[in-house]
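Note sheet for the following structure.
The values are calculated or read from the model by the stated rules, or taken from the named source; none is laboratory data. Since we're looking at a predicted model, the values are computed, not measured. All Cβ positions, even for glycine, are placed from backbone atoms using ideal geometry, and neighbour counts span all protein chains on display. Side chains are part of the model used for accessible areas, which takes the heavy atoms of the whole protein and leaves out ligands, DNA and RNA. Shrake-Rupley method; radii C 1.70, N 1.55, O 1.52, S 1.80 Å.
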There are 4 protein chains.
Amino acid sequence: MTYNVAVAGASGYAGGELLRLLTGHPDLRVGALTAASSAGSTLDEHHPHLVDLAGTVLQETRPDTLAGHDVVALALPHGHSAEVAEQLGPDVLVVDLAADHRLTDPTAWQEFYGSDHAGSWPYALPELPHADGSRQRDRLPGVDPSAPRRLAVPGCYPTAVSLALAPGMAAGLLEAEDVVVVAASGTTGAGRAVKPHLLGSEVMGSMSPYGVGGGHRHTPEVEQNLALAAGRPVLVSFTPTLAPMPRGILATCTARVVPGTTAAQVRDAWAAAYADEPFVHLLPEGRWPRTADTLGANTVHLQVALDPRAGRVVVVAAVDNLVKGTAGAAVQAVNLALGLPETTGLTTTGLAP
Amino acid sequence: MTYNVAVAGASGYAGGELLRLLTGHPDLRVGALTAASSAGSTLDEHHPHLVDLAGTVLQETRPDTLAGHDVVALALPHGHSAEVAEQLGPDVLVVDLAADHRLTDPTAWQEFYGSDHAGSWPYALPELPHADGSRQRDRLPGVDPSAPRRLAVPGCYPTAVSLALAPGMAAGLLEAEDVVVVAASGTTGAGRAVKPHLLGSEVMGSMSPYGVGGGHRHTPEVEQNLALAAGRPVLVSFTPTLAPMPRGILATCTARVVPGTTAAQVRDAWAAAYADEPFVHLLPEGRWPRTADTLGANTVHLQVALDPRAGRVVVVAAVDNLVKGTAGAAVQAVNLALGLPETTGLTTTGLAP
Amino acid sequence: MTYNVAVAGASGYAGGELLRLLTGHPDLRVGALTAASSAGSTLDEHHPHLVDLAGTVLQETRPDTLAGHDVVALALPHGHSAEVAEQLGPDVLVVDLAADHRLTDPTAWQEFYGSDHAGSWPYALPELPHADGSRQRDRLPGVDPSAPRRLAVPGCYPTAVSLALAPGMAAGLLEAEDVVVVAASGTTGAGRAVKPHLLGSEVMGSMSPYGVGGGHRHTPEVEQNLALAAGRPVLVSFTPTLAPMPRGILATCTARVVPGTTAAQVRDAWAAAYADEPFVHLLPEGRWPRTADTLGANTVHLQVALDPRAGRVVVVAAVDNLVKGTAGAAVQAVNLALGLPETTGLTTTGLAP
Amino acid sequence: MTYNVAVAGASGYAGGELLRLLTGHPDLRVGALTAASSAGSTLDEHHPHLVDLAGTVLQETRPDTLAGHDVVALALPHGHSAEVAEQLGPDVLVVDLAADHRLTDPTAWQEFYGSDHAGSWPYALPELPHADGSRQRDRLPGVDPSAPRRLAVPGCYPTAVSLALAPGMAAGLLEAEDVVVVAASGTTGAGRAVKPHLLGSEVMGSMSPYGVGGGHRHTPEVEQNLALAAGRPVLVSFTPTLAPMPRGILATCTARVVPGTTAAQVRDAWAAAYADEPFVHLLPEGRWPRTADTLGANTVHLQVALDPRAGRVVVVAAVDNLVKGTAGAAVQAVNLALGLPETTGLTTTGLAP
């Protein structure tokens, strides 16, 4: 059976990447493509790399253009998904690539996004270990037609950081205070909005931080995930930086270990957590992730080390922010919700060098 | 008066950058250039950008080729400076751009470098605030001819990290445990050795960590500096990463604040520490450093913020690893030792974009 | 039916890219992987992005390790293929990704490569239009088991340049003298050999030419192809340049038009030449190729314009040098020789941005 | 004596680079800085690398804000200089970094810029050899106060291309037809306008052409210069491409040689042309320019080779588009007009790697 997928927000980077994956997916078919100000243009004006869809005309993002599909993917700016989602019927599967439905705590939403909370949907980070030994996958609605047909796709930084630290939190090896994360992201993480500081002349050959001091919107999402893993609140100092590359996130995550924790315990906890996860790849000891190895793939590359001097673990995670960090995660969520094998249409092989 | 400067290790990146600065310095003149395996070649084979010195023939690094200069700069691989330095007379001013004479603790040297300790020289990070209110500048030998004529130039990461955190340590605002630093460096930081993982094909479009888990050699140097600032031992978790750019370091440094510390106290401490320092530039509030703004300049760009949620300060420092991080620092040290104005021949203006 | 493919030279960039494509190919299966000095190591030491093949041990490149496969792909340095190929039986399908068997003229081989000519194999650039209206595809051996089981994969620059100019040559619109080509290549085009000028520090933020003045080895291959298209000798001035990106070729190709040639004739000739070719994509008028749009894809993006002032056409072609320029072309050749649909296991969708 | 320089258009890349050079110039002092929409902001919002001028407030570009200076530099978008210049007194020295006053032929201006021609000013490319053995320097007004106080600064591409080919044209070694130029430029060449195709995500890792087919506005300027060198009209096919780097131009220029021309004649012509020119650096034989070697310097790096097979010379020129290509050329022009040594405040040493 083939399912039709409408993509709202097809002209942006997330939408384009989703279309790239859909064209290679055996069971999903590209349906209506919609946009806001770009409605009326053809797709190749925005994504000349999507040769097979070149002439497709973008329609306006409206209930009628999105109607009649099995799946609707919302690749819209944060804050725009809720209104569109409300106009879609309960039977259609809706995946939201924006942040609107990720946070369960309305207060956190308001503090970091400054608008009314739209409510939360099941959070599609299947691999996340919980404190009780279960996975987030177990919390997701299955193919039961009576289950809710709404899924929130995780943010790119939260995917990398949460999967990096959760095994140690779930295994009780890490303290919940003084978690420090510094992450570097390629420029597509900032979206396609045309802003002066995102010009090639400004970003090439340069690194800079942004959203410093606790203000980045992904902070509460990371804390929400790690709290599920730890079984208690977790406090994170998170500093994102902009790196001179188009794609990729390298998240360097550190946390204090519970006194007495050994390197073997650390290794075992991470190895056990992801032994059966097709999309989380713990590297051989002594090797460290490179973002290039994940490009185009739905894979997280991970490595962990115990620094006995500092009494901390350092976990480094690399992901493609547009794939496992956004569009690949959306496809993975759709696969799960439709009862397809979770890995269908996704690759673990990166495009390097 | 003009001083002759011999440069040992002229074919590497540090040596080349020093020559770039020397050609623009009004009081220093390029003397003998020496090298190891490159002896006999002309400088333009290694540094075609140094047009004015193009035809200079590199000599072997030997006492006789280095003799007869006012200053000898050692831009050699770590572990090679000591032997060369011993063969130079006590009256010549020697600046060591390598790590050999930076650490005061022989045990730390052996642990991180694995060889015998060559002893320590005065450490030329003039701006470093000490716990007693003095500066490292006050510890450096002046122009008194009886003073020791040896100076150790700080490492690139330690310069950025130490100047980032020292004001808070010296002001008693920061705790000495749980200091976490994640820094990104351009590839020249790894030197000019021809290694597979430094090929352009491997580094462009990619980020990766290295020396994770406490093993990076700059860790004890950072801790040594911060201990001077704090007046007690400081423990640092340091993770360096390799960024897809040729130059520049962006160091993201966090530490827990003493309970009750206010944002105003933080701002004041950093502003006061560097108000009179020509090469440390605290940015206006709300603006964050970009490495590109420091390219070619001897400047550290700094910003600090208090994250009240996490109870930590985040300080970000940007430097050009080859200038303030190496060769510019060497010129600054020579200026001081020769009684020249400290800023002679150095610029605070970066080459951006 | 599934075919086993041995890859000789698996540790290099061409070998790695071929493995990336093979892991996604439905009818081809990765067999023995061999190498020279890297024999004994595992694949993930060289290609950490190929997660599914991570632990595969590289064997020595020898007849016995390559035996027992349906297909042997030679991804060896130029000059090494012939000796290996001679030791393989006549029934095995051998594709040579190096230059050894591309040139039909022994004199040209000796002039540009300086060694004895190994002979020529059928040249696998299926799309190349010939002067007589046929295609190079028609010259390739089919699945007839009695046909020769040897194929020479075209070089990366020749693929881009030949497909760019051949339509005008075949249509009689272009003069055969004063063809001028300037092409930019990413650094993987120079292979994985560890040379100082290929260090990231040297190539990032910089452009430079190489092999200037007619000396580049791809010149006679381009001229050989264009002569087939034009039906007479063609003389090409070819200058390659090294661009600060890992992948991609942008070839800017110009030739004088026969007097009286109109823009419409030009457009028609190129449109007609590639109307039915799945891997050659002539862009809509007014749009120009970007290398990023071809990354990972087996596609050539083309655009052509007539410059009436200068009396020349300018054709710009973009390809991924490792895919359509090397490993994708090899898969395409294998598909043809095995009677599989030519596009099997290959995509036309690039990984952008 | 110190001269005050007002800079109109201080927030753009050309204006910023001029300010960088002025802060290091011993005889020129930064005066009023003006802008259009950015008036009222401080300089560090636009150029955080210019630390010494950080707090300077930008004024509106008006006759009264520009009044009272010895020199006014116009770093405005093309088409805006003329109106501003008309409002300035005849005694002030005005240098126009835009194209408005470069072309002597009103028809060419209208064809390529589509507006009324503002007239032409003396063209400040001092090194350009003329057919009669003179230099363009000889055509520039000197310090005679009665001489016109207006100078047009050459475009970035025309500087590189004209200096590359002019020696052969002036020496009668090159034919004036079938000149073909393909040049790669860093993204600052496109200015600071915020356009989607100039986003970092779009340009990093990618090459693309623009203005193909004779339409680039620098074509008539190149032809005007080469006609002066050749003593007869010259026709140029010019294709610019955008390269993934912030700065630098690499121009690959080819022309047919007059039959019988030898390699020695070629070498001699170029060597003789620039033997006494401080800012044109002909590389040793066999070495080719790299843009990185010119960064921040006012130097053109050149190499020339005869391709006897194709009967063409290939000349490759590298410049920093913002220095010798724009702001450095402006300083050089001001030096000449004020009777200062031509090289004052300019360096020939690039910032590499």
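Values for this structure:
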read-out: In segment A:1-53, the residues that are surrounded by fewer than 17 Cβ atoms within 10 Å (Cβ to Cβ) and assigned to a loop (DSSP other than H, G, I, E, B); value: A:Met1, A:Thr2, A:Gly24, A:Pro26, A:Asp27, A:Ala36, A:Ser37, A:Gly40, A:Ser41
read-out: Among the residues listed as D:Ala190, D:Ala229, D:Ala183, the single one being open to solvent by 30 Å² or more (accessible area, probe 1.4 Å) and outside the structural domain of D:Ala10 (by TED's automatic domain parsing); value: D:Ala190
read-out: Yes/no for B:Val266 being closer than 19 Å to B:Val316 by Cβ and open to solvent by 10 Å² or more (accessible area, probe 1.4 Å); value: no
read-out: Subset of segment B:177-192 [facing chain A (nearest Cβ under 9 Å) and of a type in the set (D, E, K, R)]; value: B:Glu177, B:Asp178
read-out: Unmet criterion (only one of (1) in a loop (DSSP other than H, G, I, E, B); (2) more than 21 Å from D:Asp320 (Cβ to Cβ)) for D:His78; value: (2)
read-out: Selection from segment D:119-141 of residues that are farther than 26 Å from D:Thr107 by Cα and either open to solvent by less than 20 Å² (accessible area, probe 1.4 Å) or among the aliphatic types (A, V, I, L, M) (or both); value: D:Glu127
read-out: Some residue of segment D:44-62 being farther than 30 Å from B:Thr343 by Cα, more than 14 Å from chain B (Cβ to nearest Cβ) and touching a residue at least 40 places away in the same chain (Cβ under 8 Å); value: yes
read-out: Condition met for B:Gly345 (open to solvent by 10 Å² or more (accessible area, probe 1.4 Å) and not assigned by TED's automatic domain parsing to the domain that holds B:Gly172); value: yes
read-out: Looking only at segment D:295-311, and only at residues there that are in contact with a helix residue (DSSP H, G or I) (Cβ under 7 Å, 6 or more places away or on another chain) and within 16 Å of D:Gly189 (Cβ to Cβ), the one that is farthest from the other protein chains (Cβ to nearest Cβ); value: D:Val300
read-out: Total residues in segment B:54-91, condition more than 20 Å from B:Ala39 (Cβ to Cβ), open to solvent by less than 20 Å² (accessible area, probe 1.4 Å) and at pLDDT 95 or above; value: 1
read-out: Flag for C:Thr159 being open to solvent by less than 20 Å² (accessible area, probe 1.4 Å), in contact with a Gly (Cβ under 7 Å, 6 or more places away or on another chain), within 30 Å of B:Leu295 (Cα to Cα) and of a type in the set (Ser, Thr, Tyr); value: no
read-out: Pairs with Cβ under 9 Å, 6+ apart, first in segment C:73-100 and in the same structural domain as C:Ala36 (by TED's automatic domain parsing), second part of a strand (DSSP E or B) and open to solvent by 10 Å² or more (accessible area, probe 1.4 Å); value: C:Ala85/C:Arg150; C:Pro90/C:Arg150; C:Leu93/C:Tyr3; C:Leu93/C:Arg150; C:Val94/C:Arg150; C:Val95/C:Arg150; C:Asp96/C:Arg150
read-out: Top-ranked residue of segment C:293-314 - restricted to ones that are among the hydrophobic types (A, V, I, L, M, F, W, C) and in contact with a strand residue (DSSP E or B) (Cβ under 8 Å, 6 or more places away or on another chain), ranked as modelled with the lowest pLDDT; value: C:Ala310
read-out: Per-region count, segment A:292-304, residues more than 17 Å from A:Ala170 (Cα to Cα), open to solvent by 10 Å² or more (accessible area, probe 1.4 Å) and not in a loop (DSSP other than H, G, I, E, B); value: 0
read-out: Number of the condition not met by A:Val314 [criteria: (1) touching a helix residue (DSSP H, G or I) at 6+ places or on another chain (Cβ under 8 Å); (2) of a type in the set (A, V, I, L, M, F, W, C); (3) facing another protein chain (nearest Cβ under 10 Å); (4) open to solvent by less than 20 Å² (accessible area, probe 1.4 Å)]; value: (1)
read-out: Residue among A:Val300, A:Val316, A:Val266 that alone is within 23 Å of B:Ser208 (Cβ to Cβ) and in contact with a His (Cβ under 8 Å, 6 or more places away or on another chain); value: A:Val300
read-out: Test: residue in segment B:210-219 that is under 24 Å from B:Gln110 (Cβ atoms), open to solvent by less than 10 Å² (accessible area, probe 1.4 Å), facing another protein chain (nearest Cβ under 9 Å) and assigned to a loop (DSSP other than H, G, I, E, B); value: yes
read-out: Residue in segment B:232-254 that is within 25 Å of A:Glu177 (Cβ to Cβ), surrounded by fewer than 24 Cβ atoms within 10 Å (Cβ to Cβ) and away from every other protein chain (no Cβ under 12 Å) present; value: yes
read-out: Residues that are in contact (Cβ under 8 Å) with a residue 40 or more places away in the chain and either assigned to a loop (DSSP other than H, G, I, E, B) or open to solvent by 10 Å² or more (accessible area, probe 1.4 Å) (or both), drawn from segment B:281-291; value: B:His281, B:Arg290
read-out: Residue check, C:Gly168 surrounded by 21 or more Cβ atoms within 10 Å (Cβ to Cβ), more than 9 Å from every other protein chain (Cβ to nearest Cβ) and not aliphatic (A, V, I, L, M); value: yes
read-out: Segment A:244-279, subset outside any loop (DSSP other than H, G, I, E, B) and under 28 Å from D:Glu202 (Cα atoms), residue nearest to the chain's Cα centre (by Cα); value: A:Ile249
read-out: Selection count where residues are part of a loop (DSSP other than H, G, I, E, B) and out of contact with any helix residue (DSSP H, G or I) (no Cβ under 6 Å at 6 or more places or on another chain), scope segment C:231-243; value: 4
read-out: Any pair with Cβ under 8 angstrom, 6 or more apart, that starts in segment D:329-353 at a residue that is within 14 Å of another protein chain (Cβ to nearest Cβ) and without any contact (Cβ under 8 Å) to a residue 60 or more places away in the chain and ends at one that is assigned to a loop (DSSP other than H, G, I, E, B) and surrounded by fewer than 23 Cβ atoms within 10 Å (Cβ to Cβ); value: D:Thr347/B:Gly24; D:Thr349/B:Gly24
read-out: Flag if A:Glu127 is in a loop (DSSP other than H, G, I, E, B) and not assigned by TED's automatic domain parsing to the domain that holds A:Gln332; value: no
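Let's see how each residue does on (1) touching a Lys or Arg at 6+ places or on another chain (Cβ under 6 Å); (2) free of Cβ contacts under 8 Å to residues at least 40 places away in the same chain; (3) open to solvent by 10 Å² or more (accessible area, probe 1.4 Å); (4) in the same structural domain as A:Ala99 (by TED's automatic domain parsing):
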position: A:Val143; (1), (2), (3), (4): no, no, yes, yes
position: A:Asp178; (1), (2), (3), (4): yes, no, yes, no
position: A:Val194; (1), (2), (3), (4): no, yes, yes, no
position: A:Leu199; (1), (2), (3), (4): no, yes, no, no
position: A:Gly205; (1), (2), (3), (4): no, yes, yes, no
